Structures are given as structure tokens and as C-alpha cells.
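In what follows, a structure is listed as C-alpha cells, so that the remarks can point back to it.
The values are calculated or read from the model by the stated rules, or taken from the named source; none is laboratory data. Computed from a predicted structure; not experimentally measured. All Cβ positions, glycine included, derive from the backbone under ideal geometry; neighbour counts span all protein chains shown. Heads up: the accessible areas ignore ligands, DNA and RNA and are worked out on the full protein's heavy atoms, side chains in. Shrake-Rupley method; radii C 1.70, N 1.55, O 1.52, S 1.80 Å.
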Amino acid sequence: MTLLAIDNLHMAIAGHPVLRGVSLELAAGEVLGVIGESGSGKSMTAFAVMQLLPDAARCSGRITLAGRDMLALDEPALCAMRGRYVGMVFQEPMTALNPLQTIGDQVAETIRIHDDRGQDDALRRAADALTRAELPPERFPMTRYPHELSGGQRQRVVIAMAIALRPRLLIADEPTTALDVTTQAQILSLLARLAREDGMGLMLISHDLAVVAGLADRIAIMQAGQVVEQGPVSLLTRGLTHPYSRALLAASTHQPARDGGDDGDVILRVRDVVRDYPGRRTLRGRAPAFRAVDGVSFDIRRGESLGLVGESGCGKSTLTRAILGLEPVQRGSITFRGQAVHPAMGNDLRAGMQVVFQDPYGSFNPRWRVDRLVAEPFHLAPVAPDVARHRVAEALEAVGLRASDMQKYIHEFSGGQRQRIAIARALVTRPDLILLDEAVSALDVSVRAQVLDLLADLSDRLGLTYLFISHDLTVVRAITDRVMVMQAGRIVETGPTAQVLTAPQHPYTRALIAAAPTLPTGDAA
Amino acid sequence: MIAFRLGLFLVLVVLGAAAVSLVWVPQDVGAMAIANKLKPPTLAHPMGTDHFGRDVLSMIMVGARTSIAVALVAVGIGMGVGVPLGLAAAANRGGWLDEIIMRGNDLVFAFPSLVIAILITATFGPSAVNAILAIGIFNIPVFARVTRGAALSLWTRDWVMAARVAGKGRVRISVEHILPNVANLLIVQGTIQFSLGILAEAGLSYVGLGAQPPTPSWGRMLAESQTMISFAPHLAIFPGLAILFTVLGLNLLGDGLRDALDPRLRRSR
Amino acid sequence: MLRYILKRSLSLLVSLLIASVVIFAAVEVVPGDPASYMLGMNAQPDTLAALRDELGLNGSLIQRYLGWVGGMLQGDFGVSYTYRTPVAGMVADRLAVSLPLAIYALALSTAIAFPAGIWAAARRGRLGDTMVMGATQLGVAVPNFWFAMLMVLVFAIGLRWFPAGGFAGWDKGLWAGLHSLTLPAIALALPQAAILTRVMRSALIDALSEDYIRTARAKGLTRGQALRRHALRNALIPVLTIIGMQFSFLLAGAIIIENVFYLPGLGRLIFQAISARDLIVVESVVMILVFGVIVVNFAVDLAYAAVDPRLRARE
């Protein structure tokens, strides 16, 4: 039985077309995976089903949900639908909950809006919903506030709100993108179980083919406001036909061609490094210190690409800042090219290390031109202006941009181009070591594949050494020779990448690998 | 956009009137003509005459200079001291310098500008300089707070981290990276404080803590008109309208500037 | 929660301490001797000494400061140089006018601003919003003392609904007192109401664009329900800040407005004291005003914690 039918849906926001003839179907008890890169219109399709759209949005076509024509309903009728017939789970659990209300009240609200039999009854049913979302009130009292829960727990509260009235359809818009990989696996299996138990239709929206592949019965691939291909999930292994979907699949599993690291001399030596953050000052003295990095030791050899994998809060960012000499360490030592690294170290030593950050939109001062942005590291090793100009042009060309891009401001570039500029900035002082801090995590898969190719090419051509920090095992597999796994401030496992990822020794590494969603193998692309 | 243009127009009229008054006014404000006193508005005197027979329009034009000068210098003091303090506090977030600056701010905030003016007047006697100082001191924590707030969020950006990786120190980053990115906000806050300064100057002059005779001032014109309001209401209406339109113009201008400048700031946030 | 209150109380005390030092120092800078000023040029040295003793002008700076603060803590604000009566009594009489005026104005301003701000935010971008915003632009730009004069012209001199000035006194009953404070309170409240309306509106609009509003709408709440149940309480935090700041503006503004209406409040007292160089009165009244501002800000801090569980959790 068809639960949701979207037929030739067009939508424009303030005259700007967003969806162009989207048609999708979803049956009760079925999981539909909607896949697309940013700007493909996948989230807008979901919001169109909910009819929670910006004021300037105009829809045409047909959306039939549980026999009702959503585009023909007035606002009160839509409010009666939302929460009762269709629930929604969002991407960002940290902001999706009202910070001033207890979680019990927020879940109970869904119930009271649609079926008010008093607060006591609503709270009882809220407790039931939270239990089904695996956040039982015995362990997580309903009087808690959102800030007292972790991201994964907050997402469970959002899910409990969405399923409290056992709706017919659940829409999950990138429900795990903001979560760690182990939490992601738990939330995905929770969603699958709830859909199965309630016979609920589940529309799972994601940029990640692997996430969808593990869960969906059918998939739909979207690009630029259109569904380019849809069918059973077995399409992924039996062969996609549309060129875009084939390219997307290829990019998701892309392995850049690399020469692999040579055995150079040790360039960075980290020994027993400990980094504590002092506890808060309170009226009774200081709270105990927080140990972010706990006795970490490793070497990086020249020309090598070393991966550092771990979930958020494991200390990898703190370690990065310590290696860059931005923060002091409490114990142990870091030596780079034989000299000690510390916040007061000399500029020549600093010039040997550069960094590329995760967010292509936050990595540049919006008021500077590209030439000045890329030339900023010359502060460490001043050169004559014409030399600097020449080197900036050289670096831009090395990352696949044009020298004439120097005159532009950063907002004129796309996310992928910005990440290339960030790499150019890291290259301009011709450093030996580049730290890549989640450098491709914010990019769409097709752009990510290109940037990975660029990084592989640069390291081969210029003999660069990389420390590649990431939460994403697929990316680490693609670009590193060796990998370290970090948990709670400690390195729990180190070894050649292929070996660690195929035959993990430490239980944590095993859990990480088990939790990571993978694409089914077949005659892919 | 209409509001912005209206604001710009009003501000230009006031600035123009003040500038013209430097070289020409319809009638010398020092010249008294008792025979001509308390005349309602006529063609010869578009805003009437006061109890000494002086032309009200001329006095308003000259009074604009006082208002603008006091408010402008007060904004200058507030920005000149407050912005560096705010930048320094943000650069040393959570440190003792930040703590001292913010506690100092809280303390100054506890003294409304009128109270500062009262203290200064009680000590040194009334004058326009007092008004400038009082409003200026009150502006310092305003600018310090706005600067610090905006700068704190900028300090968490990756591009500031990139500058640190490039070996730049806190002072250099504050000047090269932070200041240009808070400039828009400061321009907007500057127009707001400018208009508040006009209001504050008028209030202080009205109670006799601002500009002293014979310096013409809108606030004192209102104070002098008060006893005559029942038979010469024009004496109260025109200076009040002058203040109203000046402040309105500045506020509309500030809002327009914010709308024009802010989207960029929002997007990069 | 207890820690939060303790910490705030500590900072309240420190602020009061520093403020008292600043005020004392500012007044101490004044050249000349109040005693000789009071007695005139030809005073006898021993009369002068006796008076200096009576006024507490002898002793070192620190002794005099401690005497002043210690006295205030016991409700003794010293003796007025000009009236030769205890300052505490004078101030208490005047506070009975100024404080109700400020509270009356704050109540009016809040009563106008909350509905107006909520109404405008709910109609963002539509005609009603534009009209409210236009009105607030005017309200913010009007000097309150001028507005007061115009109201006197219309409602007192013209229509004779209200007295043009003076204070009936509380002994004639609550209504008579409030009646004579109504025009001053409106004059004080309107510009503040305009500011508060704008803050309320923009805080609500910010809150309405948060993710949790989208979550609430996905549960089936109408726009209005989402605004009332979720946006309003979140918008309260910036609004509380402004209400706290407004109280200090109202106290200061009252000083000016009292002049328009010839009200026997702290404002009139302080100007009389300045012209008579009665510095002990100036010192005390300024300290009371600053005390009021600091205590109100303390109350706002506590209100934050009542609204926001994240603050209660911290410390």
C-alpha cells in the first residue's frame, strides 16, 4: 500500500527553482533512502512533505500522504497531520531541542498537542516513547534538560518526540551526520527497528551512500532538484545506469593513486605527551584537571602519510594544536626536525609545519583577497614582495587554480575551491609537514575525491609528509600509509593502514570498524 | 531603503544647517530685540522669536553645532578607549586582563551618564566639556562590550588559528584580522551612540549640566521655554523637533547601515 | 544554584565597594572646605573647628571614608551642610516619590512593550509590523523631557485632566499620588517602551529562527503555539538584560523628568544640593542611585538563572 506519493513536485523559493519534477513513492513498512549532495534538493523534498517551508516557497504537483493531498490542506489540518501521521528527525541534535524545557515535557508536548488527556497521561506515554527510543527514564530521568545529554542521547529524544504517537511516516533528514560513527550505527539500527516494529514508512535522507545502503529497501538519487535514478537498493551492486549516480558511487569509494611513503628519516618525534586542561575554579578551589592527551608517543618519517583516527573528544584536535606549537604540553616532548616544539619556538621551525582545517567556509578572513590570504605564512619566513607573488601564483597553480584568482575575495569560491586555496596557503612556505585536520570531512563526496587526488599528487610530487586527522575510516584508508587509533587521549593501536583496518587488534578499533557503514561490494561503477 | 534615504536626508539637513551656521545665520543670535519678543512663526522668523526677540531658527542652527560636537567627541572617546579595551579583553579571554576590563565595564555601567555628569559637575562645575566627558565615559563600556562580544566569536574561527600557525601574535591578529571584521558593527554602534549622545546632551543641557550660556543649545532652549509654554508653545516645539529629527535620522541611518553591512557578517558567522 | 547566587552576591558586594570608593574620591577632589563655606568668610576658628567636627570632616581620608560607609550601613547618611538635618530623612522623603515613579514607568513600559513586540514579531514583514516599527523609531528618538512638556501643554494646560506639576503626596491616598505621577511616568516610559518593543521583537525573531522551533512545528504546533511555548521564554533572556539596564535609565531619567513636573524627588534634591554645594547630599544620593542600579542588575542575574537551566547547572 502506498503511504506517500510525491508526483511531479516543483518548488521555487522566491522564484528560484529548487525542485524540478520530483516523483517518489514510499510504501508502509518500507525504507526509502534519498541520496544527494548539498543543493540537490533532498532536504527540501522532506520539508515539502511536512509543508514546513519558508514563506517565499511555492509548490506545484501533488504530495499524497496517507490518502490526504498535503498541498490542498489548510494550516490547521496540516498541524493535525504533523506529529501524528508524520514525524521528523533532524540533522543537528544539539540545537533541535528547546534548551529551557525538560526532555519529558518536550516529548509529552507531541502527545498533548494531538491527544490531550492531561499532563500525567502525556508524561506516562512520553516515558514509553523514550523507552522505545532506548533512553529509558529509569536511567535518564525525564526531568533532565537537553544540555545534560550527549548528542546521541539528544537525537534519541528527538526520535522519541517523532514516534510518540506512532506516526505512519518518519522522515529522518541526515539524522547521523553530526554524530560519531559508533553512535551513528546505534541510531541507524534504532531507526530501522522502530520502522519495522510499527510498520512505519521511513524516508532516510543522507549524503552518504554507505549509510543508506545498509538500511534502505529502495533508493533514490537526487541531483539539482531532480530524481535522476530510483529503484531497489540492489541497484548499488547490480549497476546504476545514470551517469551522475555512477560518478557518485565511484567517488564514494575513490582510492587516489599513490606511490606510498618512502622510508625517510624521522621528521616529527612525539614522546609521552600529556596535555591537561585545568579544572574550573570554584568557590572550594579547583575542580580536577581534564587530561585531553594522555602519554602519546609516535614518529612521522619524511614522505610518509600518517593517519590519526578517533571520535570527537578523543583529544586529536588538542594533539594537533600541541604539535603546531600553539599550546604547551604538561609532560613529554615534541621535536620537529630535531628541535623542540613549544609555543615560543622560532619562526623558521614554525614555517616547516602548516595546517589545513575542516571548514572551508571558516578558514579565511572574509575581508582579505586571495593573494594576501595565501601569503600569510610568509610572516614566518619573509621574502621580497615579487618573490612572494610568484610563489603564491605557483602554489595556486599547484592546487589546480589560476594565478589570476589572486585578485578575488574568498566568497567568490565554492567549498572545494576554498579547500584548494587552504592547501595552497599551507604549501606556500614549502613546509615539510602538513597537518590535515578533517580537511575533506565537510566536502561533498565528488569534491572530496578530487581533493584527495590533489593531496596524493602533491605528496608524490613535492615529497610532502602528512599527518591526516579524521574520524572517517574510508578517507584514512584512501590516503594514509600508517594509521593510529586514538581513544580518550591515548593511542590504542598503530600499524600499517591496510593491516589495522582489515585485522584490528584493539577492541575499540574493532568497534569503530564494525560501526562504520560500508557499501556493498559488487560490480560497482 | 526608503527609511535609510530618509535618515540620510535628515542627517544631511542637520549637518548642513550646522555647517551653514558657521558662516551665516538669518539673524545674529547675540543680538536682542526686546520689541520683537515672543513672536509666533512668520515669514521673517520661520520659527518665531524668543523672550529676548532672538530668531529661534538661527539659535537652532547654531545649537546644532553644540549637539553634534558634544555627541561626536563623546563617541570618539568611547570608541578610542572602548575598542582597544574590547580587543584586548577578547584576545586574553578568561585571563586576568579580560576579568579586570569586564569588571571595570560593569562598574562604569552602574553609573548612568547623568550620574557621571552630576559627579563631574559637583566637582568641577557645569560646562559643555563635562557633558562630553560624562557621555564619553558612559560610551566606553558600550564599545568595549560590543567589540569584545564580536571579537570573541571571531577568535574561535579557523582563520585566526591559521594566523597563529603563521606565527602572528595576539596584537597583530587583533589589528589585522579582528578589527576589520568588527568595523561594520562599530560603525553601526557608532551611529546609535551618536544619536544617544544627542539625546543625552539635550537632557544634560536641559537640567543645566551641559553647555552654559551664551553657547546656544537645544536642551537649554527647551529649559528656558518651559515657563512660557502656555503662551509661546513654538519656543518648546521647534528645538524639540530639531532633536527628534536629528535622532530619528541617525537611527534610520544606523538601521540602514546595519542592513547593508550585516548580511556579510551573518553569513560568515 | 546556590553557588551561582553566592558568586553573584560576592560580585555585588565588590561592585558596591568599588563604587563607593569612586564616589567618595570624586567628591573628595572638590576644592574648598564645606564648613567655611557654610559659615561664611568671617567665621571664628573655634566655631569652624566645632562644625568640622560635627560634620565629620576631621581625620584622615581613610577614617572619613570608613565613617561614611559605616554610617550608611547603619542608615546614617550624615548631616546636610545647608539644612543641618539628617540626610537619611531627606533622602527617604524624596525616594518615596522617585522610586514609585521609576517602578510605575517600568511597569508601563513592560506592559506596552511585551504585547507590541510579540505582535510585531508574529507579523514580521507585514503591515502591522511595519507600523509598530515606525512608531518605535519615533518613540526612541523623542527626548522624554520634551515629550513631557508637550503632554503638560495638552493634558494639563489644555484638557486639564492632570496637574501640570507638583506631587499630591501619598497621605492623600494611593490614587491621588498615582494621579500626579501618571504624566511623568508616561513620559519616562514611552521611549523605554519603544526600545523594549524593538528588543522583544528582534529577540523573538531570532528565537523563531532556531532549530527547536522547527522541531516544535514538526510536532504539530501552530506558529502561534510555537511562539508562545518555545520562542517566548528563550527570547526572555535578552529582554531581561534590557529591562535591567532600563531601570538605571529610568532612575537617571527620573532626575530630569522631575524637573519638568516640579516633583519633590531625588532629582530635585540633587540639583538643589549641587547649587548649594551640599556635597554630602550629592554623595549620598549618587550612592543610592548606583546602589539601585547594581542591585537591579543582581536581580536580573538571578532572573537569568530562573529562566535558564544551563546557568543553574554552571556553578
Charge context of B:LEU252, other residues only, Cβ under 14 angstrom, K/R +1, D/E -1: +1
Residues of segment A:425-448 with backbone nitrogen within less than 20 Å of a virtual label 7 Å along the Cα-to-Cβ line of A:ALA224, please, listed as ranges. A:444-448
Using the Cα gyration tensor of segment B:139-222, the equivalent ellipsoid's semi-axes, largest first and to the nearest Å, work out to 41, 10, 9
Multiply the residue gap between A:ARG389 and A:ARG196 by 0.36 nm, knock off their C-alpha separation, and tell me the result in nm, one decimal place. 63.3 nm
Accessible area of segment A:418-477 with a 1.4 Å probe: how many percent of it is carbon plus sulfur? 43
Under 27 Å Cα to Cα from A:LYS316, which lysines show up? Leave out anything in the same chain fewer than 8 places away. B:LYS168
Taking each residue of A:365-378 in turn, how many C-beta atoms of other protein chains fall within 10 Å of its C-beta, and what is the average? 4
Taking the simple approach of a point 7 Å from Cα along Cα-to-Cβ for both A:VAL266 and B:ARG170, what is their distance in nm? 3.5
Output the relative contact order of chain A, whole-number percent, from Cα pairs under 8 angstrom with separation of 6+ residues. 16
Does a label point 7 Å from the Cα of B:ALA183, set along Cα-to-beta-carbon, have any residues of segment B:133-177 with amide nitrogen under 15 Å, and which are they? B:174-177
From the gyration tensor of the Cα coordinates in chain A, what semi-axes in whole Å does the equivalent ellipsoid have, largest first, with each one equal to sqrt(5λ)? 43, 29, 22
Net lengthening on full extension, C:GLN63/C:ARG228 (0.36 nm per residue, minus Cα-Cα): 53.8 nm
Distance in nm between label sites at C:TYR262 and A:ARG430, each 7 Å beyond Cα in the beta-carbon direction? 8.8
Starting from the Cα of B:ALA33, step 7 Å along the direction of its Cβ; do the same at B:ALA19; then give the gap between the two resulting points in nm. 2.9
Stokes-Einstein translational diffusion, segment B:28-136 - Kirkwood Rh over all Cα pairs, 1.306 mPa s, 10 °C, in µm²/s: 92
Tell me: how much accessible area in total is hidden between A and C, 1.4 Å probe, Å², nearest 100? 2700
Give me the log10 of I(q) over I(0) for segment A:168-280 at q = 0.13, 0.15, 0.17 Å⁻¹, as the Debye formula computes it from C-alpha points; what are the numbers? -0.70, -0.80, -0.91
Once ligands and nucleic acids are excluded and a 1.4 Å probe is used, how much of C:LEU10 is accessible, expressed in Å² to the nearest 10? 110
Give the accessible surface of segment C:205-253 per residue, rounded to a whole number of Å², with probe radius 1.4 Å and ligands, DNA and RNA excluded. 36
Most to least accessible of C:TRP146, B:TRP155 (protein chains only, probe 1.4 Å): B:TRP155, C:TRP146
For chain C, treating each Cα as an identical point scatterer without solvent, what Debye log10 I(q)/I(0) comes out at q = 0.09 1/Å? -0.61
Relative contact order, percent, chain B [alpha-carbon distance under 8 Å, six or more residues apart]: 26
Of every hundred units of 1.4 Å-probe accessible area on chain B, the number belonging to carbon and sulfur atoms, as a percent, is 71
Taking R0 as 41 Å, what FRET efficiency do you get between C:ASP206 and A:ASP121 from their Cβ-Cβ distance, rounded to the nearest 0.05? 0.75
Alpha-carbon centroid distance for the pair segment C:259-299 / segment A:1-70, whole angstrom: 65
Surface accessible to a 1.4 Å probe, B:VAL81 within the full protein complex, Å²: 70
Please identify the helices of chain C, taking whole runs of DSSP H, that span at least 20 Å along their own axis as judged from the Cα atoms and have a mean Kyte-Doolittle score of -1.0 or higher. C:2-28, C:87-122, C:127-141, C:174-208, C:232-261, C:279-307
Where does chain A land at 222 nm, in deg cm²/dmol rounded to the nearest 500, when only DSSP H runs of n ≥ 4 count, each adding -39500 (n - 2.57), divided by all residues? -10000 deg cm²/dmol
Debye intensity ratio I(q)/I(0), log10, segment A:26-176, q values 0.10 Å⁻¹ (C-alpha model): -0.37
Which net charge results when you count Lys and Arg as +1 and Asp and Glu as -1 among the other residues whose beta-carbon is under 13 Å from that of A:GLN358? -1
Could you pull out which residues in segment B:84-99 have an amide N less than 18 Å from a spot 7 Å beyond the Cα of C:VAL14, following the Cα-Cβ vector? B:89-90, B:92-99
What's the total accessible area buried between chains C and B, using a 1.4 Å probe, rounded to the nearest 100 Å²? 3400
Add -39500 (n - 2.57) for each DSSP H run of 4 or more in chain B, then divide by its residues: what number comes out at 222 nm, to the nearest 500 deg cm²/dmol? -24500 deg cm²/dmol
Where the Cα atoms of the protein assembly as shown are projected onto their three principal axes, how long is each span, largest first, in whole Å? 109, 72, 62
Count the net charge of all other residues whose Cβ sits under 15 Å from the Cβ of A:GLY199, scoring Lys and Arg as +1 and Asp and Glu as -1. +1
Checked against the positive end of the charge dipole of segment B:48-268 (+1 on Cβ of Lys and Arg, -1 on Cβ of Asp and Glu, about the Cα centre), the farthest of B:PRO112, B:GLY240, B:ASN92 is B:ASN92
Per residue accessible area of segment B:48-268, 1.4 Å probe, in Å²: 33
Can you bin every Cα-Cα distance in segment C:159-315 into 5 Å intervals starting at zero and give me the percent of pairs per bin, rounded to whole numbers? 2, 8, 12, 13, 15, 13, 11, 9, 7, 5, 3, 1, 0, 0
Please give the FRET efficiency for A:ASP217 paired with A:THR131, using the beta carbon to beta carbon distance and R0 = 22 Å, rounded to the nearest 0.05. 0.25
Once R0 is set to 56 Å, what does the formula 1/(1 + (r/R0)^6) return for the Cβ-Cβ distance between C:ASN42 and C:ALA176, expressed as a FRET efficiency to the nearest 0.05? 0.75
Residue separation times 0.36 nm, minus the C-alpha to C-alpha distance between C:ALA107 and C:ARG3: what's the value? 34.4 nm
In percent, what relative contact order does chain C have, based on Cα pairs under 8 Å that are 6 or more apart in sequence? 26
So how far, in whole Å, is the C-alpha centre of segment A:407-462 from the one of segment B:97-173? 40
Just to confirm, what accessible area per residue do you get for segment A:434-507 at 1.4 Å probe, in whole Å²? 35
May I ask for the equivalent-ellipsoid semi-axes of segment C:64-149, computed as the square root of five times each C-alpha gyration tensor eigenvalue and listed largest first in whole Å? 45, 15, 11
